[in-house]
């Protein structure tokens, strides 16, 4: 399976990175990591890429890391559709005290606009 992991530096995207890389190490799926500029975090893309490379190295997984400029949600959907990815993987937000899922703006956009299957990791 060809996976596209979007990561923007938030805590949920870092959890998604670790879980997705762990799964890829077991399954042998093809992973591409897309570093996004998330307006909800102050983490710069270079710091995110260093974290991504450290997690990939620790799991002995090889994956290209790409930086996407522009609107993060639309660029992620566009890349997934143009390059034939089977699935987009994202951090899935938080659960409210009432048990409802609160999605970030990027995850919501991707879920509502992608023709590619989306997996949210919480």
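No lab work stands behind these numbers, since they all come straight from the coordinates. Note that the structure is predicted; figures quoted are calculated from it, not measured. Cβ placement follows ideal geometry from the backbone for every residue including glycine, while neighbour counts extend to all protein chains displayed.
A compact table of results
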| quantity | calculated |
| --- | --- |
| Per residue convex hull volume, Cα atoms of region 51-122, in Å³ | 119 |
| Exposure proxy ranking, count of Cβ atoms within 10 Å, fewest first, for 111, 103 | 111, 103 |
| Principal axes of region 1-114: Cα extent on each, largest first, Å | 38, 30, 27 |
| Neighbour-count ranking [beta-carbon atoms within 10 angstrom, fewest first] of 100, 2 | 100, 2 |
| Mean Cα-pair separation over length for the chain, i.e. relative contact order, pairs under 8 Å, 6 or more apart, % | 32 |
| Point-to-point label distance, residue 74-residue 60, nm (Cα→Cβ direction, 7 Å offset) | 4.3 |
| Residue-span extension gain [residue 40 to residue 98] - 0.36 nm each, minus C-alpha spacing | 18.6 nm |
| Computed [θ] at 222 nm, helices only, for the chain once each DSSP H run of length n ≥ 4 contributes -39500 (n - 2.57) | -13500 deg cm²/dmol |
| Calculated FRET efficiency for the pair residue 53/residue 113, C-beta based, R₀ 30 Å, to 0.05 | 0.55 |
